[in-house]
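Undergrad: Okay, handing you the structure first.
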Amino acid sequence: MTYGAANLNDDGTGSKSTLASTVYHQLRDDLLGGALEAESKLRVEWVVSKYGAGASPVREALNRLASEGLLGRHDQRGFFIMPVSATELEELTRTRCWLEERALRESIAHRTTEWEEQLVLALHRLDRASRRSPQHLSSLDPDWEKLHRTFHRVLISACRSHWLVGFCDQLSDHAYRYRQMANDGENIQRDDFGEHRRIAEYALDGNADGAVQALIDHYQLTASICMERFKQGEVSKAAASAERARR
């Protein structure tokens, strides 16, 4: 196993050579992107119809997504999309900070010239990308998301543990789902690139304490923005329900 080198052109999707993998990736993208309603049931027949695949590869894809925590499963009653909540987001953010602190400290401690060059390049590419989609300013640009994911993966890529990197990747997926569903704080001002630059500068200087604190601040700010979106959504739902009751 070789550590300290991340593929800057890898978007994390892996091989899609089989039909089951194709269904898995399509359904996974829809789940993470918020295209499917949380807590709704996912019947095999519906997935077969929507994604144009047979029952066997669909079941394989559903089981794989359930193992990653993106789907839940009721005995004898099939699959359902995992719900989202403020409590779950708090736990997710807390756990992500714990794991990535260890991964980042290890990565800085065992940094190489190649790792430093990759981090500088990942930051440069992120700086040149537009966070918002030119066609839909209320949406995040998928290309920016890939570069953002790459930057955070490079940060911890020298930690010498593919297990730890894998766990961090899985938590990153769930955090991405929350950001998409909360629309990542549209109209909320933040120096997003400045946050990433500070993390990188501390890491490149070998300042593990500074890099970790900057990373934790970055994740906690994102979580607080998502929390605010959830609160706004709950208020809107309550107002709509009250209006219907008055009628």
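The values are calculated or read from the model by the stated rules, or taken from the named source; none is laboratory data. Here the structure is a predicted model, which is why all the values come from computation and not from measurement. We place every Cβ from the backbone using ideal geometry, glycine too, and count neighbours over all the protein chains shown. Each accessible area value is taken on the protein alone, full model and side chains, heavy atoms only, with ligands, DNA and RNA left out. Shrake-Rupley method; radii C 1.70, N 1.55, O 1.52, S 1.80 Å.
Undergrad: Within the stretch 32-88, can you find the residues that are of a type in the set (Lys, Arg) and in a strand (DSSP E or B)?
TA: Result: Lys41, Arg73.
Undergrad: Just name the residue that is nearest to Phe79 (Cα to Cα) out of those in the stretch 37-64 that are touching a Gly at 6+ places or on another chain (Cβ under 8 Å) and of a type in the set (A, V, I, L, M).
TA: At the first step, the residues of the stretch 37-64 found to be touching a Gly at 6+ places or on another chain (Cβ under 8 Å) are 41-44, 48.
From the residues that got through so far, the ones that are of a type in the set (A, V, I, L, M) too are 42, 44, 48.
Details: Leu42: 5, Val44: 8, Val48: 14 Å.
Ranking the qualifying residues of the stretch 37-64, first place goes to Leu42.
Undergrad: Quick one: which of Leu70, Leu62 is modelled with pLDDT of 90 or more and open to solvent by less than 30 Å² (accessible area, probe 1.4 Å)?
TA: On the way: Leu70 fails: modelled with pLDDT of 90 or more.
Only one candidate passes the filter, namely Leu62.
Undergrad: I'd like to verify a number: residues in the stretch 34-55 that are open to solvent by 20 Å² or more (accessible area, probe 1.4 Å) and either under 22 Å from the mean Cα position of the chain (by Cα) or touching a residue at least 24 places away in the same chain (Cβ under 8 Å) (or both), how many?
TA: Kept after step one, since they are open to solvent by 20 Å² or more (accessible area, probe 1.4 Å), are these residues of the stretch 34-55: 34-41, 43-46, 48-52, 54-55.
Then keep just the ones that are either under 22 Å from the mean Cα position of the chain (by Cα) or touching a residue at least 24 places away in the same chain (Cβ under 8 Å) (or both); that gives 34-41, 43-44, 51, 54.
Here the count works out to 12.
Undergrad: Suppose we filter the stretch 75-84 for residues that are open to solvent by 70 Å² or more (accessible area, probe 1.4 Å) and in contact with a strand residue (DSSP E or B) (Cβ under 9 Å, 6 or more places away or on another chain); how many remain? Before the answer, list the steps.
TA: Taking the stretch 75-84 as the starting set, the residues that turn out to be open to solvent by 70 Å² or more (accessible area, probe 1.4 Å) are 75-77.
Keeping just the survivors that are in contact with a strand residue (DSSP E or B) (Cβ under 9 Å, 6 or more places away or on another chain) gives 77.
Number of matching residues: 1.
Undergrad: Residues in the stretch 164-182: is at least one at pLDDT 95 or above and outside any helix (DSSP H, G or I)?
TA: no
Undergrad: With the structure loaded, tell me whether Leu99 is open to solvent by 50 Å² or more (accessible area, probe 1.4 Å), part of a helix (DSSP H, G or I), out of contact with any strand residue (DSSP E or B) (no Cβ under 6 Å at 6 or more places or on another chain) and more than 24 Å from Ser224 (Cβ to Cβ) or whether it fails that test.
TA: No: the conditions fail for Leu99.
Undergrad: Quick check: anything in the stretch 222-232 modelled with pLDDT under 70, open to solvent by 30 Å² or more (accessible area, probe 1.4 Å) and assigned to a helix (DSSP H, G or I)?
TA: At the first step, the residues of the stretch 222-232 found to be modelled with pLDDT under 70 are 232.
From what's left, open to solvent by 30 Å² or more (accessible area, probe 1.4 Å): 232.
If we keep only those that are assigned to a helix (DSSP H, G or I) too, we end up with 232.
Looking for residues that are modelled with pLDDT under 70, open to solvent by 30 Å² or more (accessible area, probe 1.4 Å) and assigned to a helix (DSSP H, G or I), one finds at least one in the stretch 222-232, hence yes.
Undergrad: Pairs, please: C-beta under 8 Å, at least 6 apart or cross-chain, first residue on the phi < 0 side of the Ramachandran plot and at pLDDT below 95 and in the stretch 140-160, second open to solvent by less than 20 Å² (accessible area, probe 1.4 Å) and among the acidic types (Asp, Glu)?
TA: So the pair list comes out as Leu140/Asp184.
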